[in-house]
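Undergrad: There's a structure below that I have some questions on.
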């Protein structure tokens, strides 16, 4: 469930060539709002979170470099509790010319699957974005 009526699902698809992985992306379409994006990935395997995080970081770094966007980590990965979920989280920053975005990659396991929440938006809204993603993770449920 998305946080409000302005958040819209833009993509919901299986990842080609990666069996058992689904990608869902959402954007905030609120008038006059700052850009913010959420990418939720569901992997049909119970993976080691640290190794999956390393692969995700490498993939992000490569993707941003191809588009000539700077990508850097803001901290080290840490285990935290959000609601009743134990998660692994790391912060990152992207920048191009004068535009700066701050985000986080949050991984957790639930019912035999691994989930990745990658959330990023304008740097000046970073704290609000993080509260929003924490609320979404806390209320995240899987029926199967």
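Taken together, the values in this text are just the output of simple stated rules run on the coordinates, not laboratory data. Owing to the predicted nature of the structure, the values given are computational and were not obtained by experimental measurement. We place every Cβ from the backbone using ideal geometry, glycine too, and count neighbours over all the protein chains shown.
Undergrad: Residues to consider are 131, 68; find the one that is assigned to a loop (DSSP other than H, G, I, E, B) and free of Cβ contacts under 8 Å to residues at least 40 places away in the same chain.
TA: Of 131, 68, the one residue that is assigned to a loop (DSSP other than H, G, I, E, B) and free of Cβ contacts under 8 Å to residues at least 40 places away in the same chain is 68.
Undergrad: Please specify each residue of region 92-128 satisfying the condition of being farther than 17 Å from residue 63 by Cα, in a strand (DSSP E or B) and without any contact (Cβ under 8 Å) to a residue 24 or more places away in the chain.
TA: 99
Undergrad: Looking only at region 86-108, which residues are within 19 Å of residue 135 (Cα to Cα) and crowded, with 16+ Cβ neighbours inside 10 Å?
TA: 87, 88, 89, 90, 91, 102, 103, 104, 105, 106, 107, 108
Undergrad: Still on this structure: Kindly evaluate residue 114 against the criterion of being under 20 Å from residue 139 (Cα atoms) and under 15 Å from the mean Cα position of the chain (by Cα).
TA: yes
Undergrad: Is it the case, given these coordinates, that residue 79 is out of contact with any helix residue (DSSP H, G or I) (no Cβ under 6 Å at 6 or more places or on another chain), surrounded by 17 or more Cβ atoms within 10 Å (Cβ to Cβ) and in a strand (DSSP E or B)?
TA: Considered against the rule, which asks whether it is out of contact with any helix residue (DSSP H, G or I) (no Cβ under 6 Å at 6 or more places or on another chain), surrounded by 17 or more Cβ atoms within 10 Å (Cβ to Cβ) and in a strand (DSSP E or B), residue 79 comes out as no.
Undergrad: Give just the number: which of (1) touching a residue at least 12 places away in the same chain (Cβ under 8 Å); (2) within 15 Å of the chain's Cα centre (by Cα) does residue 85 not satisfy?
TA: With respect to (1) touching a residue at least 12 places away in the same chain (Cβ under 8 Å); (2) within 15 Å of the chain's Cα centre (by Cα), residue 85 is out only on (2).
Undergrad: State whether one or more residues within region 109-123 are out of contact with any helix residue (DSSP H, G or I) (no Cβ under 6 Å at 6 or more places or on another chain), more than 13 Å from residue 53 (Cα to Cα) and buried (at least 20 other Cβ atoms within 10 Å of the Cβ).
TA: Yes, some residue in region 109-123 is out of contact with any helix residue (DSSP H, G or I) (no Cβ under 6 Å at 6 or more places or on another chain), more than 13 Å from residue 53 (Cα to Cα) and buried (at least 20 other Cβ atoms within 10 Å of the Cβ).
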